[in-house]
Structures are given as C-alpha cells and as structure tokens.
1. If you go through segment 25-54 one residue at a time, how many are more than 9 Å from the chain's Cα centre (by Cα) and of a type in the set (Phe, Trp, Tyr)?
2. Is it the case that Val75 is aliphatic (A, V, I, L, M), without any contact (Cβ under 8 Å) to a residue 40 or more places away in the chain, surrounded by 13 or more Cβ atoms within 10 Å (Cβ to Cβ) and touching a Cys at 6+ places or on another chain (Cβ under 8 Å)?
3. With the structure loaded, tell me whether Arg80 is closer than 24 Å to Lys30 by Cβ, at pLDDT 95 or above and out of contact with any helix residue (DSSP H, G or I) (no Cβ under 7 Å at 6 or more places or on another chain) or whether it fails that test.
Amino acid sequence: MKIKNLPNKLPVSIRPFFWDTDSKKLDPSKFPLYVINRLLDKGDLEAVRWVKRNFSEKLIIKTIKTRRDFSFKTVIFWSRIYKIPFKEIKCMQEPYRSMRKMHWLN
C-alpha cells in the first residue's frame, strides 16, 4: 500500500537504522508503518525529527497502536507523548507481552 505525499527514499543519515534490509531501495511511502516503527524504536533524535516532519501524527499514532515490534520502554515513552492508553497499544497486550518477556528472560 503506497501512501501519496510521503517520501519515497530514506535520507542517508538514517539508513543505518535499517541494517537488516537494503535501505537504499526501501520506499517509506510503501512501508510507512515499518519505517515509523523502526525509527521511533531504534532511531536517534534526527531520525525522530525526520519521522515527525514526513508522516502525519495520525499515522504515527496508528503505528504506535498497531505495531508489535516496539520495546517496552520505547512504547511507554511514545504512549505518554501521544497520550495513548496502554489498552489501545497492541504490543502491551497479552499474549504478546508475556511472550516478549519470556524471550528476553531465557
């Protein structure tokens, strides 16, 4: 699903956050939730500023609510910034929450 009026290339400065993919070919307009998730979770201040400049608040909030790849600390931070109750955030719900803890404790 490609969303219009979104960038179709990542800036060179934030490509290192996509170490597991070919960041030169990654089109943020085709995979906006993935890009937003990765940069809010693993990015630095410059990456977060880029997200906020290029994606709507509505899309950022949708990403926080629906993506399961956020670390707990990160999703708690963003939930407070955007005033999103935990009950609306998928990665804070069971069984995902317990499963994630189990993987990190072993």
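The values are calculated or read from the model by the stated rules, or taken from the named source; none is laboratory data. Nothing here was measured: the structure is a model prediction, and the numbers come from that model. All Cβ positions, even for glycine, are placed from backbone atoms using ideal geometry, and neighbour counts span all protein chains on display.
1. Qualifying residue count, segment 25-54: 2.
2. Yes, satisfied.
3. Working: closer than 24 Å to Lys30 by Cβ: no; at pLDDT 95 or above: yes; out of contact with any helix residue (DSSP H, G or I) (no Cβ under 7 Å at 6 or more places or on another chain): yes.
In short, no.
Residues are listed down the side, and each one gets a yes or a no for (1) out of contact with any Ser or Thr (no Cβ under 6 Å at 6 or more places or on another chain); (2) modelled with pLDDT of 95 or more; (3) aliphatic (A, V, I, L, M):
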site: Lys30; (1), (2), (3): yes, no, no
site: Ile36; (1), (2), (3): no, yes, yes
site: Gly43; (1), (2), (3): yes, yes, no
site: Ile61; (1), (2), (3): yes, yes, yes
site: Ile64; (1), (2), (3): yes, yes, yes
